[in-house]
2 protein chains.
Amino acid sequence: MDHKTTKPTPLAAKAPRTKPAEIRLNELMTAAEKLFLAKGVEATTINEIVKEAQVAKGTFYHYFSSKNDMLVALGERYTADFLARLQKALDACPDHDWLQRLRTWIEVSVDVYAQTYRTHDIVYTNHHHHDRSNQARNALLDQLLAIIEGGQLAGTWRVEQPRVVALLIYSGVHGATDDIIAAKANDRARFAHQVADACLRMLPPPKKTTR
Amino acid sequence: MDHKTTKPTPLAAKAPRTKPAEIRLNELMTAAEKLFLAKGVEATTINEIVKEAQVAKGTFYHYFSSKNDMLVALGERYTADFLARLQKALDACPDHDWLQRLRTWIEVSVDVYAQTYRTHDIVYTNHHHHDRSNQARNALLDQLLAIIEGGQLAGTWRVEQPRVVALLIYSGVHGATDDIIAAKANDRARFAHQVADACLRMLPPPKKTTR
DNA sequence: ACAAATCGACCGACCGTCGGTCAATAAATT
DNA sequence: AATTTATTGACCGACGGTCGGTCGATTTGT
């Protein structure tokens with residue numbers, strides 16, 4: 001049979017078969033994310049991913065060592081983005097208005113999380129939350145802790161266990177946000193405000209509000 | 001062919017091949033939980049589960065429609081147990097000491113969660129947290145909300161958004177607890193206390209602690 | 001009282017699919 | 001031209017899930 005003798009793709013631009021690693025990586029990740037979002041991680045096969053990304057199966061494994069490795073990469077991208085958005089909002093705050101910085105951190109967290117929770121889920125289901133090496137959690141937590149300690153030093157509030165409070169706010173914000181995810185942006189803003197109010201009560205000003 | 005002429009199992013007790021459904025169900029669930037805990041859900045095969053439970057593969061599918069169905073069943077068992085433990089602790093509290101009831105709910109949650117988080121993870125990874133039908137979350141949340149509203153009615157505290165506060169405490173407790181899971185029971189108790197302290201600050205007594 | 005009919009828990013060989021491998025090929029780089 | 005790097009897709013073994021069938025117990029018919 002003589003079918004297809006090399007076939008140099010006669011028409012259209014030759015469309016180079018190889019691409020810079022960065023591009024391929026991105027195309028694969030984007031394809032995977034799209035499918036994961038559409039039908040779930042388990043239900044998405046490698047064959048579907050490579051078909052979507054227009055490459056052969058082997059290429060997937062040239063860039064990722066496993067399906068799970070892809071998930072990790074997607075997670076890193078997600079977190080970097082989350083962190084960056086928070087940082088940007090924080091940069092727009094007066095440097096020493098700790099109350100506003102904390103409120104901003106909380107409200108923006110609620111907002112960004114509400115917008116991106118579907119990807120968050122995909123990327124962190126399978127991850128055990130207790131994983132010490134969970135970079136995501138740690139980076140975000142450190143950012144929050146820095147604010148709490150900043151305000152502490154500046155005398156904006158006085159908390160006994162900054163780390164415990166940070167943990168509570170961090171987890172509380174994400175968990176609570178699950179509840180209003182379906183809501184319109186409007187209600188979300190109101191909700192974010194309520195969350196921030198409740199959280200801020202955990203950080204009393206340095207009088208004696210003992211109980 | 002005459003192989004096996006009824007063979008009434010000559011020695012030892014007849015050892016009935018069949019068992020009440022409840023027993024088999026339990027044996028399968030226990031076998032599965034053990035293996036899931038030991039090597040993870042993904043890495044555990046149905047064949048391993050049935051081997052551990054001493055039945056054939058078909059029997060597994062006689063009781064469970066899929067591996068995931070088993071996970072769901074395990075989850076229900078876990079939650080029922082969690083809820084029961086909390087309820088028991090609550091029953092030991094003075095009926096109208098809302099402060100103590102809330103503190104108990106929080107501290108026992110931390111403790112039970114710290115003891116059982118490995119099963120929790122197994123059983124709730126794969127579950128999307130936003131799942132409206134998440135019975136687990138709802139039952140626990142309702143229990144907590146009832147306390148908050150009880151205290152509100154009794155005038156023990158005054159919160160504007162009981163549900164938001166419940167959400168924050170519920171999520172905060174679980175998330176924060178991840179952090180001290182490795183600790184000894186001793187430190188866990190101290191930690192639970194700190195968590196409760198911080199949380200209770202979100203529920204100010206009905207003076208004017210505005211901010 | 002006995003046998004035939006019925007039931008359903010239980011079995012395990014089998015199947016299709018999927019994640020992952022690898023030897024071969026093509027392009028890029030030196 | 002030689003060497004390295006990107007890409008391909010046929011192939012493999014393992015796994016989740018299916019299905020025709022067995023066997024002891026219980027109910028029904030006589």
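The values are calculated or read from the model by the stated rules, or taken from the named source; none is laboratory data. Remember, predicted model here, so these are calculated numbers, not experimental data. Neighbour counts run over all protein chains shown; Cβ positions are idealised from the backbone, glycine included. Areas reflect the complete protein model, heavy atoms only, side chains present, ligands, DNA and RNA absent. Shrake-Rupley method; radii C 1.70, N 1.55, O 1.52, S 1.80 Å.
What FRET efficiency comes out for A:Ile46 versus B:Ala139 if R0 is 60 angstrom and r is the Cβ-Cβ distance? Round to the nearest 0.05. Please report the intermediate quantities before stating the final value.
Numbers: r = 38 Å, r/R0 = 0.64.
The pair A:Ile46/B:Ala139 has a calculated efficiency of 0.95.
Extension gain B:Glu160-B:Ala189, at 0.36 nm per residue separation less the Cα-Cα distance, in nm?
Values: separation 29, 0.36 × 29 = 10.44 nm, distance 2.97 nm.
Result: 7.5 nm gained on full extension.
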Rotationally averaged projected area of the range A:21-63 (alpha carbon convex hull; nm²): 2.6 nm²
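When N counts the residues of the range A:156-211, how does its alpha-carbon radius of gyration compare numerically with 2.2 N^0.38 Å, as a ratio? The partial results should precede the final answer.
On the way: Rg = 13.3 Å, N = 56, 2.2 N^0.38 = 10.2 Å.
In units of the 2.2 N^0.38 Å rule of thumb, it is 1.31.
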Cα shape, the protein assembly as shown, gyration tensor, a/c 1.5 rule: oblate
Note, ³J(HN,Hα) from phi for the range A:102-114, Karplus 6.51, -1.76, 1.60, rounded to Hz, x at Gly and Pro: 5, 4, 4, 4, 5, 5, 5, 4, 4, 5, 4, 4, 4
Estimated inter-spin distance, B:Ile23 and A:Ile181, nm [label 7 Å along Cα→Cβ]: 4.3 nm
Sum of side-chain charges, A:Glu42 neighbourhood, beta-carbon under 11 Å (Lys, Arg +1; Asp, Glu -1): +2
Alpha-carbon Rg with Dmax, taken over the range B:18-133, Å: 17.1, 53
Over the range B:21-63, relative contact order from alpha-carbon pairs under 8 Å, at least 6 apart, %: 38 percent
Shielding by other protein chains, A:160-171, mean Cβ within 10 Å: 6
Amide H contacts under 5 Å for A:Trp157, placed H, 5+ residues apart: A:Gln152
Backbone HN-Hα couplings from phi across the range B:54-59 [Karplus 6.51/-1.76/1.60, Hz, Gly and Pro as x]: 6, 9, 8, 4, x, 5
For the range B:67-79, Karplus couplings with θ = phi - 60° (6.51, -1.76, 1.60), whole Hz, Gly/Pro x: 4, 5, 4, 4, 4, 5, 4, 4, x, 5, 4, 4, 5
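Can you tell me the accessible area per residue over the protein assembly as shown, all protein chains present, probe 1.4 angstrom, in square angstrom? Walk me through the numbers before you get to the answer.
Numbers: 23460 Å² over 422 residues.
Using a 1.4 Å probe on heavy atoms only, each residue of the protein assembly as shown averages 56 Å².
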Percent RCO, i.e. relative contact order, over the range B:71-200, from Cα pairs under 8 Å lying at least 6 residues apart: 35 percent
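Would you calculate, for chain A, the mean residue ellipticity at 222 nm contributed by helices, counting each DSSP H stretch of 4 or more residues as -39,500 (n - 2.57) and dividing by all residues, to the nearest 500? Kindly include the intermediate steps, with their values, before the conclusion.
On the way: 8 runs with 138 residues, N = 211.
Helix-only estimate at 222 nm: -22000 deg cm²/dmol.
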Quarter of the Cα convex hull surface for the range A:71-200, i.e. its orientation-mean projected area (nm²): 7.7 nm²
